[in-house]
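Below: one structure, written as structure tokens.
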Amino acid sequence: MRLKLVPDVTTIDFFKRARLWLGISLVMMVVAFGSFIIQGLNYGIDFQGGTSIRTQSGVPVDVAAYRSALAPLDLGDVSIAEVFDPTFGDNEHVAMVRIQAQEGDERIASDTILEIQTALRGIDPEMQFPSVESVGPKVSGELINTAILAVALAVGAILAYIWLRFEWQFAVGAVLALVHDVLLTIGIFSELQIKFDLAIIAALLTIVGYSINDTVIVFDRVRENLRKYKKKDLKDVLNLSINETLSRTLMTSGTTLLALISLFVLGGDVIRGFVFAMIWGVIIGTYSSIFVASALLLVLGVKRDWSKKDPAAGTRFGHIDT
């Protein structure tokens, strides 16, 4: 007997309380934006600036031991990651220790670096420090600007893609849903003051791709049903389309969440922020594909006379199967 998260045929009315869902989303966006303005983000070393110390040891890297050794120094935000390279020998264990800027200084004082090296040599007296590098405020500021530009370009490219593939109403609905997802993700990081670094930017871009994939699946079915049921109300067509793709949406989100939750529990501190962003993004992206993007499409309306020459054409460039 097959396991089914939802029945083969469902008749859920997703738009019975469409205004309520849009209202909840709007309130959450306002709260997220307000938190970002008032509290700001807890920027990591990538955006705040700091110093990176590369370690090399004959003893395997134990992130917890490194943290315990550095804890008494009260250095603030410390990121520790093991570096893997196929050229390393069996007795070469390399780690990157990144420490936030101390009280706005671009560089950590030389005596503080000596204290760090002494503390780490408590783990391995033969530990070497091949390099010490600093990330100043100018570089970290450039990283912030580049990260914002990357997210904006991704959303803009998706807007153009949806506009060409469907119609402008679909594009606007999809992009507003993406803005909803990105803003709520930034908001949760602001509200909980979780460290925000370049890994979270990577998570945001992944969330954008995941969310738009869900939305395109629903919109493609909407387009097919609009041609199939020419006299049905748009609300009924949207409900039918979401119900028809509901099983696929929940199965995809469910299996993705299983993997992410496992990584969150077992993956350690290094990737926990990234995985948390992904978990939140999958949940909020699934929600927005069903309740936000489609509800906005219902509000905007859509024309149903795409091509008189080619009735099967769903876009201005013809039908594209998914």
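Quick notes on this structure:
- Residue-averaged [θ]222 nm for the chain, counting only DSSP H segments that reach four residues, each worth -39500 (n - 2.57): -20000 deg cm²/dmol
- Accessible surface of the chain, 1.4 Å probe: 62 percent of it comes from carbon and sulfur atoms.
- Pairwise FRET efficiency - VAL265 versus VAL9, Cβ, R0 = 25 Å, nearest 0.05: 0.10
- When only Cα pairs below 8 angstrom with a gap of at least 6 residues are kept, the stretch 181-285 shows a relative contact order of 43 percent.
- Separation of the ILE123 and ARG272 label points, Cα + 7 Å toward Cβ, nm: 1.7
- Prolate/oblate/rounded label for the stretch 137-186 (Cα gyration tensor, a/c 1.5): oblate
- Net length available on complete extension from ARG227 to ILE144 is 25.4 nm, with 0.36 nm assigned per residue and the Cα-Cα distance removed.
- Between the exposed loop cleavage positions of the chain, defined as GluC sites (Glu not before Pro) in a non-H, G, I, E, B DSSP state with at most 14 neighbouring beta-carbon atoms within 10 angstrom, the longest gap is 127-322.
- Lysine pairs with alpha-carbon atoms under 24 Å apart, the chain, spacing 8 or more or separate chains: 21
- Rolling a 1.4 angstrom probe over the protein heavy atoms with all chains in place gives the chain an accessible area of 53 Å² per residue.
- Overall shape of the chain was characterised from the C-alpha gyration tensor. The equivalent ellipsoid obtained from it has semi-axes of 48, 20, 18 Å, in decreasing order.
- Exposed loop sites, defined as chymotrypsin sites (Phe, Trp or Tyr not before Pro) outside DSSP H, G, I, E and B with at most 12 other Cβ atoms within 10 Å, are absent from the longest region of the chain, namely 89-316.
- With the whole protein complex present, MET29 retains an accessible surface near 50 Å², based on a 1.4 Å probe.
- Nearest-0.05 FRET efficiency for ALA202 and VAL59, computed from C-beta distance (R0 45 Å): 0.90
The values are calculated or read from the model by the stated rules, or taken from the named source; none is laboratory data. Worth saying up front: this structure is predicted, and the values here are computed from it rather than measured. Here Cβ is always computed from backbone atoms with ideal geometry, including for glycine, and neighbour counts include all displayed protein chains. Protein only, heavy atoms only, side chains kept; ligands, DNA and RNA dropped before computing areas. Shrake-Rupley method; radii C 1.70, N 1.55, O 1.52, S 1.80 Å.
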